[in-house]
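Taken together, the values in this text are just the output of simple stated rules run on the coordinates, not laboratory data. Predicted model only: the values in this text are computed from it and were never measured. Cβ: placed from backbone, ideal geometry, glycine included. Neighbour counts: every protein chain shown.
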Amino acid sequence: MTKTFSPARPIWCAGCGDFAVQGVLEKSLDSLNIPREQLMFLAGIGCSGTIQNNIKCYGYHALHGRVLPTAIGVKLANPNLTVVAAGGDGDGYAIGAGHLVHTFRSNPSLTYIVMNNSNYGLTKGQPSPTSPLGYKSNAEMDMDAILLGLSLPSTTFLARGFSGHPEQLGQLLVAALKHAEEGKGFAFIEVLSPCVTYYDTHREWASRVHNVDEDPDYNCTDRGNAFSKSLEILNNHKIPIGLLYHGEHVSLESLSLKEDCIPPALQDLNSPDSVENCKKIIQSFMG
Amino acid sequence: MTPVNGTQPVLEDLNVIVAGQGGDGSLTVVTLLAELMRDYGFNVYTERDVLSRIRGGHTAATVRAFSGDRYCIGSNIDLLVALDDEAIEKNTRHLDGNSIVIFDESGGKLTNGSLPKGIKLYSAPFNRIAMRTMRRELYRNSIAFGVVSRLIGLEDEALKKIFKKRFARLGTTVLDYNLEALDLGFGIADEFGLTNGAGLYKIKKKKAANKLLITGNESVALGFIVAGGRFYAGYPITPSSEILESLQKWLPMFGGVARQTEDELSGINMAMGAALTGARVMVGTSGPGFSLMQEGIGHAGSAEIPIVIVDCQRAGPSTGMPTKPEQSDINLMIFGGHGDFPRIVLAPGHPEDCFYLAAEATNLAFKYQCPVYISMDQGLSQNIATVDPFDLEKIEVDEGYQLDAEDLKKLDVYKRYAHTENDISPFAKPGTPGGFSLVTGNEHDEWGLVSTDPDNRVQMMKKRMNKIEHAKEHLPEARHFGNGDEKIGFIGIGMTYGVILEAMEQLEAYGVDTQFLQLRTIWPVLDEVNEFINRCDKVYVVEYNAVGQLAHLLMHQGADSGKIIKIIKYDGIPFRPREIYNRVMEENKSNNAGKKKTKKKRANSK
Ligand SMILES: Cc1ncc(C[n+]2csc(CCOP(=O)(O)OP(=O)(O)O)c2C)c(N)n1
Ligand code: SF4
Ligand SMILES: [Mg+2]
């Protein structure tokens, strides 16, 4: 066997929620028998953005906020790969918020895990878009990415897990990975992953989560119901977790690439067909 | 231009400007004329002067037809087609005593004195005729076109043929109306005494015109594909959008993807994502978008991701003058981004160059695993020119240092950032068993694991920067024009190419011999530059920006600053050869200059 890099030891503080995310993710990948060389694992910048260093994979460290466009580039160039993107709430909801909206719109078949700790961990605890009003003189209301996703008609998979409930998190991650694996589109999963060092929300969140998977009134396949129920739960000062929306919409890669076509990354660049096509184009500029 | 009805001379050099309000269709008329002249066997070059809006504002398009090679518009306009008064006002300065004006007098006849003496005027209410007979002012262009072509001496049939080709896809009604309009135009020409075949020139259709009529942007797009380019990302911005549009049309034929992203931040990162998989990628943009891409480009340099960046430069800073040419991002291409990282900057001079250098850039990026720029400018990007058909045989796809599963099996260790003799590390496409790797812009060790170890840092920085040293001898060389012993030199890139060549001819005709180095690689600066400068007493660096960025770059790289003279322009208007000629003549009067030589010899490439 060729020796390649040995995964790094996590750099997280003891007790950080991100440990659970990594553990559950590795199990989920194994349970789906996804060969590790097929896994392109991209992460943003932050404490969360070091997760890819810790497991055997083709790993990539994106620029702060840019993990989604990068992951889309991977998926379009080689849809055979299992593409998983991960990052923090600052990465995904502040500096990268624009890309999240457009990824919701375009529905590429990849999994995106946001490790939400409601602050900027790596830069030492500044407020993030999910920090509550008043947190360290935060002057803004916190946002809910699931509600944002629900408001866009092209979303297909929206879920929220909690690092304190690893079993449910595992089920959600498996469902998310499957959704993307089957080419059904963008699997978005936010994980409440407390930062024990700068903003320890573990107990608070444990008491506030409301599991919709066990709520008979919550219908995750009905966008309107999902929206109003989620809002209701939030208004009761609870946080909805579970599979929050599951729908259907054509995937980006199926619209961008011809069916049964060799992916851009794997083509024979000297094929006679391609030479013929070049000649055709050149001819179109002649008289 | 010689007056009509005398003996007809052979057409050697014709400059026609069509001017009116934005949306009037002057661009369409010029494009059609260009195509027609190409089909007649001439070389053509067009230029556009438009505003960044769809309708209104003064707009002009110019076409030059020439029997030799020309990559610029001439110093004088032979024929002005003025679709309104403003067109006359704005363009009389380009006319001389021999020029001819065709004027649309729908808005009133020209007042006395609005044209310089001696200019022949053909005036008719094209717009009113179009409205009266066809109910759409759109058709006035086709009516005017009939008069223009009769005046030049083109055959009616050739025109009809090109109309059929051009308008057929818009439906038979559109075609029929345009042909009818053309006939109206011929009728007006008859009244002027410009009958079929009685125009200014004796023009015979040459044998099959074996020339492409193409823009730099289209040529870049095609060169990229030929060298294996399969993924493009872009966000619409003038003057780069045609690259996106062309590739959206063409890449699907090759199983590739051209994606319009939500912004340039997304564009550069999406392209890098595609490059991670082993696909060959390119992004294209202009000033504002290029500024947004800076972080990404530095990341590609650090993480060693192959990517081609096309910068179609326009007048900056900020949103500047979006439709006007400039070469003012030279500093940003070469010195932009935070930190030190390797990069290569190529600079084509005409569409043919664009094709071959885009292919070269695609290969270089892949081979050296670093960002490679193609420095364009608005003129080079959007002006249409005739060039020889591209030769696919000349282009080979460089496979780079890639490992497949078999190669990997034979290795004991695989390190994505391994130090090697030529500082290029092996790369395995994700999905390949045994090729696990980490790719990051953080400083990293050979495995791709984050590291701040000082020794590692120094070694890694050196490895990356050294790639450019290794690349040097494989980079596109400049083209040299002249004998090599002339004392006055020119250096220029991009759209200065054609103007400098023509100015050289004009200077030579008056006894001032010059040589010209058309740079095709501007970073790293190659030894050829100082060798050239050392051979000259003075060197004019001709460029489109306010401070002389190219001149400064060369001085920074050791050029003798005592010899460098800047010729700069940043008013948004392309140089005319005469401007360069005047400037050089003025400063070199004491020489044997000023006497017209009888024998003219063309600057030749060597
Ligand atoms: C363009 C840019 N701006 C700022 C930073 C500095 N920075 C690094 S991580 C980070 C915030 C991380 O917060 P989050 O994404 O929530 O990740 P966490 O550390 O909480 O997991 C910031 C602002 C950067 N790397 N790049
Ligand atoms: S600072 Fe917070 S988020 Fe970062 S590793 Fe420590 S606990 Fe986790
Ligand atoms: Mg965070």
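Remarks
- Residue in region A:90-100 that is away from ligand 3 (no atom under 15 Å from the Cβ) and under 26 Å from A:Leu152 (Cα atoms) present: yes
- Residue match in region A:68-79 (condition: crowded, with 23+ Cβ neighbours inside 10 Å, within 15 Å of the chain's Cα centre (by Cα), facing another protein chain (nearest Cβ under 10 Å) and not in a helix (DSSP H, G or I)): no
- Cβ-Cβ distances below 8 Å connect the following pairs, each with a first residue in region A:2-20 that is closer than 11 Å to A:Asn54 by Cα and of a type in the set (Lys, Arg), a second residue that is part of a helix (DSSP H, G or I) and within 16 Å of ligand 1 (Cβ to nearest atom), and a separation of six or more residues or different chains: A:Arg9/A:Asn54.
- When B:Ser318 is tested against (1) in a loop (DSSP other than H, G, I, E, B); (2) over 15 Å from the mean Cα position of the chain (by Cα); (3) buried (at least 24 other Cβ atoms within 10 Å of the Cβ), exactly one condition is not met: (3).
- Matching residues in region B:476-507 - criterion: being surrounded by fewer than 23 Cβ atoms within 10 Å (Cβ to Cβ) and of a type in the set (Asp, Glu): B:Glu477, B:Asp485, B:Glu486, B:Glu505
- If the condition is being more than 10 Å from chain A (Cβ to nearest Cβ) and under 17 Å from B:Pro306 (Cβ atoms), then region B:418-441 contributes B:Ala418, B:Thr420, B:Asn422, B:Asp423, B:Ile424, B:Ser425, B:Pro426, B:Phe427.
- Against the conditions (1) closer than 21 Å to A:Asn80 by Cβ; (2) in contact (Cβ under 8 Å) with a residue 12 or more places away in the chain, B:Glu406 satisfies every one except (2).
- Any hit, region B:215-225, residues being free of Cβ contacts under 8 Å to residues at least 40 places away in the same chain, in a helix (DSSP H, G or I) and buried (at least 17 other Cβ atoms within 10 Å of the Cβ): yes
- Subset of region A:259-287 [farther than 30 Å from B:Ile162 by Cα and either more than 7 Å from chain B (Cβ to nearest Cβ) or in contact with a Lys or Arg (Cβ under 9 Å, 6 or more places away or on another chain) (or both)]: A:Glu259, A:Asp260, A:Pro263, A:Pro264, A:Ala265, A:Leu266, A:Gln267, A:Asp268, A:Leu269, A:Ser271, A:Pro272, A:Asp273
- Single residue of A:Leu148, A:Leu158 found to be under 23 Å from A:Ile72 (Cβ atoms), outside any helix (DSSP H, G or I) and more than 16 Å from ligand 3 (Cβ to nearest atom): A:Leu158
- Members of region A:91-139 found to be within 15 Å of ligand 2 (Cβ to nearest atom) and in a strand (DSSP E or B), listed by number: A:Ile113, A:Val114, A:Met115, A:Asn116, A:Tyr120, A:Gln126
- The condition of being more than 30 Å from B:Met272 (Cβ to Cβ), touching a residue at least 24 places away in the same chain (Cβ under 8 Å) and away from chain B (no Cβ under 14 Å) holds for only one of A:Asp222, A:Asp217, A:Asp213, that being A:Asp213.
- Identity of the residue in region A:51-94, of a type in the set (D, E, K, R) and under 16 Å from B:Asn269 (Cβ atoms), that ends up farthest from ligand 1 (Cβ to nearest atom): A:Lys75
- Evaluating B:Gly278 against the criteria (1) assigned to a helix (DSSP H, G or I); (2) more than 27 Å from B:Glu326 (Cα to Cα) leaves one unmet condition, (1).
- Count - residues of region A:26-53 that are buried (at least 24 other Cβ atoms within 10 Å of the Cβ) and away from ligand 2 (no atom under 16 Å from the Cβ): 3
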